[in-house]
């Protein structure tokens, strides 16, 4: 049956969901690159790579199961962010404000903005440290010019268009896959740790778990995804395409993360080495790149930062503009949405200030992800309540599997947060 | 053509070709080489391209001898207009403000609503015909406060533009998109 005939039949049946359902050919699948794939690229920001490196170096493969478990959760949460925008025709911040009022929406958005700015500062620091690795120029001198260039590009150029090209730079992290194989890990350990949960009740383990969940299921990506859908204007009639776009982006993101952990676990954990500097993190690439490991790591971190930092700044701006009802959108020129771009500019300034203050870069990256892990479940619950409401979603209300995985995501993150709070309260923070 | 677009064209003819277009922003670029005007870029709709080409050609003989629009294209869109419809509701202080918002949306969104109405206390009985049952109480609460409500039923893809304009460009207090539905004629 042709596409038109199928949709005509569906139209006669009359449910919006049936009418909107689209058949995708193999050629369609090959052409899918949208906000989902870009979100997947932005998910593995320098903070993410640092977190996975720290996790691999400190816990080996012990938390692979958590990453495996987080993958369907990440896909479902991002698909919900996309769906809610395509059904309600507005971004997440506006939807939170119009549905729950400013009392709920404001803290949700502001917490996300705080975590974003800290992450931006940490990402800037990581990028500067990566450049220092290959050029020898002290990272402190690199932060301001890097922030200035990125801020200018985000404000004055069409970032969404550019990010499609920048995605190729993140492809460098695919080298972690080769590095992981060349490091000759014990594959039976890797497979067992991926499918058999290994829970340890220690502060280090819980911090790593919350940070890993926080960097994987990240609040800013919910806002970015929903705003991206508003700018793309695909609608519910392209929901299958959107879901596939999100699925591909998130699987790629977590696959890379998995091999970062395996590579760092095989190279660093087995030798009891710690990740304290960018040079330490780059060592995981040595089995693949040898003396060029630092250069390769630097290119990857710079690419990841170029994609993620503007996404973080823009997510904050989308959130604040959605709360205030301001004009917004990276497709708009700066003079057409001044408040939106002002938030982006201020985010860059504060992040730059954080980066040039004497903060330990790896610690800053790691703790910003812990903060994300604490905020995310709150936002996931709000999103689940919206996407389960027939009044707001009509025929596009969540199915039982989506609800099950979504509530499981919120539950796992809350449990990890509670365990972390308990461990820190009883044993204190690690040095 | 609005004043901002006219000012943009004047700036282009004066040689200031770096200014972003007031409507299409950086999606289009313009080059003026001697008396040859070249428009490049990707537009969302065929109508937008036709209007831009018309505006450019209207400037032939006014500092421009030739217009090249071979690199000005319309983005291929997979969305099918008319497949689904959606009702967008927004509340305003009074009927006059709602009327201004309605005119603004029709002019700037370039949408053709399937249905549209402004409802306040004087014609509250129309609510049942235009607003789905689940949302009637939300709207009634606003009418009870003396507010006026603009209701527009449009194509699902056009609903992005309508809600965006109502949220960001008008003085709406509140807005809502009823979930997409099968077209009302079915």
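Here are some notes:
- Wholly enclosed helices (runs of 4 or more DSSP H) of segment A:7-67 bearing at least 2 residues within 14 Å of chain B (Cβ to nearest Cβ) and at pLDDT below 65: A:26-30
- Looking only at segment B:109-156, residues that are in a loop (DSSP other than H, G, I, E, B) and within 17 Å of residue A:90 (Cβ to Cβ) come to 3 in all.
- Breaking point among (1) under 16 Å from the mean Cα position of the chain (by Cα); (2) farther than 22 Å from residue A:89 by Cα; (3) within 14 Å of another protein chain (Cβ to nearest Cβ), for residue B:105: (2)
- Residue check: residue B:46 meets all listed conditions (1) within 17 Å of the chain's Cα centre (by Cα); (2) surrounded by 11 or more Cβ atoms within 10 Å (Cβ to Cβ) but one, namely (2).
- Residue count, segment B:22-37 (criterion: at pLDDT 85 or above and within 27 Å of residue A:232 (Cα to Cα)): 3
- Some residue of segment A:217-227 being farther than 17 Å from residue A:307 by Cα, within 13 Å of chain B (Cβ to nearest Cβ) and crowded, with 24+ Cβ neighbours inside 10 Å: yes
- Cβ-Cβ contacts under 9 Å between residues 6 or more apart (or on different chains), taken from a first residue in segment A:90-104 that is without any contact (Cβ under 8 Å) to a residue 40 or more places away in the chain and within 11 Å of another protein chain (Cβ to nearest Cβ) to a second residue that is crowded, with 17+ Cβ neighbours inside 10 Å and in a loop (DSSP other than H, G, I, E, B), are listed as A:98/A:90.
- Taken together, A:329, A:290 contain a single residue that is surrounded by fewer than 24 Cβ atoms within 10 Å (Cβ to Cβ), at positive phi and within 14 Å of another protein chain (Cβ to nearest Cβ), which is A:329.
- Of all residues in segment B:11-38, those satisfying the criterion of being surrounded by fewer than 13 Cβ atoms within 10 Å (Cβ to Cβ) and over 15 Å from residue B:72 (Cβ atoms) are B:14, B:15, B:16, B:18, B:33, B:34, B:35.
- Looking across A:317, A:334, one residue alone is within 14 Å of chain B (Cβ to nearest Cβ), surrounded by fewer than 24 Cβ atoms within 10 Å (Cβ to Cβ) and within 30 Å of residue B:165 (Cα to Cα). It is A:334.
- Flag for residue A:375 being within 19 Å of residue A:66 (Cβ to Cβ) and crowded, with 20+ Cβ neighbours inside 10 Å: yes
- Within segment B:66-96, if we keep just the residues that are touching a strand residue (DSSP E or B) at 6+ places or on another chain (Cβ under 7 Å) and not in a strand (DSSP E or B), the residue that is modelled with the lowest pLDDT turns out to be B:81.
- Test: residue B:176 is in a helix (DSSP H, G or I), modelled with pLDDT under 95, at negative phi and surrounded by 14 or more Cβ atoms within 10 Å (Cβ to Cβ): no
- Residue list for segment B:54-80, restricted to those being away from every other protein chain (no Cβ under 14 Å) and surrounded by 15 or more Cβ atoms within 10 Å (Cβ to Cβ): B:55, B:56, B:59, B:64, B:67, B:69, B:72
- Screening residue A:165 with (1) closer than 30 Å to residue A:319 by Cβ; (2) at pLDDT 85 or above; (3) out of contact with any helix residue (DSSP H, G or I) (no Cβ under 6 Å at 6 or more places or on another chain) gives one miss only, at (2).
- Index of the failed condition, residue B:183 passing every other in (1) in a helix (DSSP H, G or I); (2) within 18 Å of residue B:114 (Cβ to Cβ); (3) in contact with a strand residue (DSSP E or B) (Cβ under 6 Å, 6 or more places away or on another chain); (4) at the interface with chain A (Cβ under 10 Å from one of its Cβ atoms): (1)
- One residue alone among A:95, A:110 is surrounded by fewer than 19 Cβ atoms within 10 Å (Cβ to Cβ), at pLDDT 90 or above and in a helix (DSSP H, G or I), and that residue is A:110.
- Count of segment B:32-53 residues, restricted to those that are within 14 Å of another protein chain (Cβ to nearest Cβ) and part of a loop (DSSP other than H, G, I, E, B), is 2.
- The set of residues from segment A:132-151 being at pLDDT below 90 and assigned to a helix (DSSP H, G or I) comprises A:132, A:133, A:134, A:135, A:139, A:140.
- Taking the numbered list (1) assigned to a loop (DSSP other than H, G, I, E, B); (2) at pLDDT 90 or above; (3) within 9 Å of chain A (Cβ to nearest Cβ) in turn, residue B:159 passes all entries but (1).
- Selection of segment A:287-324 for residues being out of contact with any helix residue (DSSP H, G or I) (no Cβ under 6 Å at 6 or more places or on another chain) and closer than 22 Å to residue A:225 by Cα yields A:314, A:324.
The values are calculated or read from the model by the stated rules, or taken from the named source; none is laboratory data. Source: prediction; values computed, not measured. All Cβ positions, glycine included, derive from the backbone under ideal geometry; neighbour counts span all protein chains shown.
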